[in-house]
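The values are calculated or read from the model by the stated rules, or taken from the named source; none is laboratory data. Only a predicted model underlies this, so the values are computations on that prediction, with no experimental measurement involved. Don't worry about glycine lacking a Cβ; one is built from the backbone with ideal geometry, like all the others, and counts go over all protein chains shown. We work out accessible area using only protein heavy atoms, side chains counted, and drop any ligands, DNA or RNA first. Shrake-Rupley method; radii C 1.70, N 1.55, O 1.52, S 1.80 Å.
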Amino acid sequence: QVQLVESGGGLVQAGGSVRLSCGASGLTFRSYGIAWFRQAPGKEREFVAAISELGRKTYYADCAKGRFTISRDNAKNTAYLQMNSLKPEDTAVYYCAGDLSTDRVKAARGAYWGQGTQVTVSS
């Protein structure tokens, strides 16, 4: 059974940092592209960042460029999203997704999704 489990969310003040983790099980993690998405209340889910299966390519939405860093440790079956200089508008539930195709996962058509972790940024 494939599982993606996000962790690391919580309440943080504006300007602070949070590192999210996406732990995977039941799949050959090093074969999967991983993406992070977020969904704020009343808004549609939006792409944040993605990383190719071996970590050689990374992709960022404009909202994440310069502030967020996606990475992965295939030995630990875990991907990360380091978020710095957080703003109240970053408040959302953050989801990780995985797919054998990095292009599919970037397009929110990933085969597997986690349940999400809440990040709340206070002003």
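So here's what we get for this one:
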quantity	calculated
Selection within region 1-25 - in a loop (DSSP other than H, G, I, E, B) and under 13 Å from ALA111 (Cα atoms)	GLN1, VAL2
Which listed residue is in a loop (DSSP other than H, G, I, E, B) and surrounded by fewer than 19 Cβ atoms within 10 Å (Cβ to Cβ), from SER85, SER71	SER85
Any chance ARG109 is at pLDDT below 95, in a loop (DSSP other than H, G, I, E, B) and of a type outside the set (A, V, I, L, M)	yes
Verdict on ALA97 being surrounded by 22 or more Cβ atoms within 10 Å (Cβ to Cβ), at pLDDT 95 or above, in contact with a Leu (Cβ under 9 Å, 6 or more places away or on another chain) and closer than 17 Å to ARG19 by Cβ	no
In region 38-56, residue farthest from ALA24 (Cα to Cα) [restricted to those that are among the basic types (Lys, Arg) and open to solvent by 20 Å² or more (accessible area, probe 1.4 Å)]	LYS43
Region 13-43, residues that are on the phi > 0 side of the Ramachandran plot and either in contact (Cβ under 8 Å) with a residue 60 or more places away in the chain or aromatic (Phe, Trp, Tyr) (or both)	GLY15
Selected residue (criterion: farthest from the chain's Cα centre (by Cα)) from residues of region 51-68 that are within 14 Å of ALA97 (Cβ to Cβ) and assigned to a strand (DSSP E or B)	TYR59
Residues satisfying the stated conditions in region 13-24, i.e. among the hydroxyl-bearing types (Ser, Thr, Tyr) and open to solvent by less than 50 Å² (accessible area, probe 1.4 Å)	SER21
Every residue from region 26-40 that is in a loop (DSSP other than H, G, I, E, B) and touching a strand residue (DSSP E or B) at 6+ places or on another chain (Cβ under 8 Å)	GLY26, LEU27, TYR32, ALA40
